[in-house]
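The values are calculated or read from the model by the stated rules, or taken from the named source; none is laboratory data. Since the structure is predicted, the reported quantities are computational estimates derived from the model, not experimental observations. Glycine also receives a Cβ, built like all others from the backbone with ideal geometry; neighbour counts cover every protein chain displayed. Areas reflect the complete protein model, heavy atoms only, side chains present, ligands, DNA and RNA absent. Shrake-Rupley method; radii C 1.70, N 1.55, O 1.52, S 1.80 Å.
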Amino acid sequence: MRIIIEKDYKAMSKKAALIVASQVLLKPKSVLGLATGSTPLGMYRELIEMYKREELDLSGIKTFNLDEYYQLPPDNPQSYYYFMYNNFFNHINIKPENIRLPKGISQDVKRECEEYETAIEKAGGIDLQVLGIGENGHIGFNEPGEHLRVQTQLINLTDETINANSRFFESEDEVPRQAITMGLGSILKARRILLLANGKKKAQAIKKTVSGYLTTKCPASFLQTHPDVTLILDKEAASLLS
Ligand code: F6R
């Protein structure tokens, strides 16, 4: 694991955007795995700026998002579909047919999950997977527990995650209880992984992520088995690392 510590959120976001941009410059038809949430917002803003300055052409990329809330339609402002278009896709020159997120309102979830895996494979696999991390160590929505899923699945969100994500909703009651997420196996198949974390609240999860032990209590700890993982942290998220 490579660990890069930056002084603050802005510096972390810039560094992350540079790594994504370099991936696309070297391979314009890159397949990117993308995350939602607060953490990558700054990175998306930096990438949009690079595109506007004509330093970056994103017309060849394909993207697969990590997850989507179950039963939230794409036009719901809390859906990850809405988030991605609003914060990134609407501002760059990606081709709409190259964008894929799990379908939250799918009639046949099992089939949707299988088709998602197949679509990633057909695209040639993910070149660079961007990840955030939950305070409980989740990546995608692979929550801590006794077992971890290998492939894309419908999962139940933990109370911790429902509570943490309630900040985006009017009340905790409105947070969906289930989501479709790429599995840990789907994530670990990516050729390169870039995990971003900022703030004190993430420090404990980051410590467990690099601990030298694998545990289903911290799904991100399995990233230690991957040959090409880069963590970009701000000082607070790195504060418990020796
Ligand atoms: C989002 C995702 C989640 C988030 C994590 C951190 O697509 O897969 O794992 O990355 O919950 O969320 P933030 O960045 O809001 O702290």
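Some values worked out for this structure:
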item: Search result, residues across segment 162-182 that are among the charged types (D, E, K, R) and in contact with a helix residue (DSSP H, G or I) (Cβ under 9 Å, 6 or more places away or on another chain); result: Glu172, Asp173, Glu174, Arg177
item: Helices (runs of 4 or more DSSP H) lying entirely in segment 146-242 (those with 1 or more residues that are farther than 30 Å from Val24 by Cα, at pLDDT below 95 and among the acidic types (Asp, Glu)); result: 159-165
item: Test: residue in segment 150-158 that is in contact with a Cys (Cβ under 8 Å, 6 or more places away or on another chain), closer than 27 Å to Ala203 by Cβ and open to solvent by 20 Å² or more (accessible area, probe 1.4 Å); result: no
item: Every pair of residues 6+ apart whose Cβ atoms lie under 6 Å, when the first sits in segment 127-145 and is more than 23 Å from Ala17 (Cα to Cα) and open to solvent by 10 Å² or more (accessible area, probe 1.4 Å) while the second is more than 9 Å from the ligand (Cβ to nearest atom) and of a type in the set (Val, Ile, Thr); result: Glu143/Thr158
item: Verdict on Glu49 being surrounded by 16 or more Cβ atoms within 10 Å (Cβ to Cβ) and among the acidic types (Asp, Glu); result: no
item: Check on Val109, over 22 Å from Thr209 (Cα atoms) and surrounded by 17 or more Cβ atoms within 10 Å (Cβ to Cβ); result: yes
item: The listed residue being buried (at least 16 other Cβ atoms within 10 Å of the Cβ), in contact with an Asp or Glu (Cβ under 8 Å, 6 or more places away or on another chain) and on the phi < 0 side of the Ramachandran plot, out of Ile206, Ile162; result: Ile162
item: Residue that is most open to solvent (accessible area, probe 1.4 Å) [pool: residues in segment 209-242 that are within 20 Å of Glu160 (Cβ to Cβ) and aliphatic (A, V, I, L, M)]; result: Leu240
item: Within segment 211-242, considering residues that are of a type in the set (Val, Ile, Thr) and out of contact with any strand residue (DSSP E or B) (no Cβ under 7 Å at 6 or more places or on another chain), the one farthest from Glu146 (Cα to Cα); result: Thr225
item: Boolean, Leu188 is more than 24 Å from Ala11 (Cα to Cα) and within 16 Å of the chain's Cα centre (by Cα); result: yes
item: Filtered residues of segment 68-82 (kept if open to solvent by 10 Å² or more (accessible area, probe 1.4 Å) and touching a residue at least 12 places away in the same chain (Cβ under 8 Å)); result: Tyr70, Gln71, Leu72, Pro73, Pro74, Gln78, Tyr80, Tyr81
item: Glu174 surrounded by fewer than 21 Cβ atoms within 10 Å (Cβ to Cβ), under 25 Å from Phe83 (Cβ atoms), more than 10 Å from the ligand (Cβ to nearest atom) and touching a residue at least 12 places away in the same chain (Cβ under 8 Å); result: yes
item: Positions within segment 95-106 being open to solvent by 50 Å² or more (accessible area, probe 1.4 Å) and either hydrophobic (A, V, I, L, M, F, W, C) or part of a helix (DSSP H, G or I) (or both), in sequence order; result: Pro96, Glu97, Ile105
item: Selection within segment 116-126 - β-branched (Val, Ile, Thr) and either near the ligand (Cβ under 9 Å from one of its atoms) or surrounded by 14 or more Cβ atoms within 10 Å (Cβ to Cβ) (or both); result: Ile120, Ile126
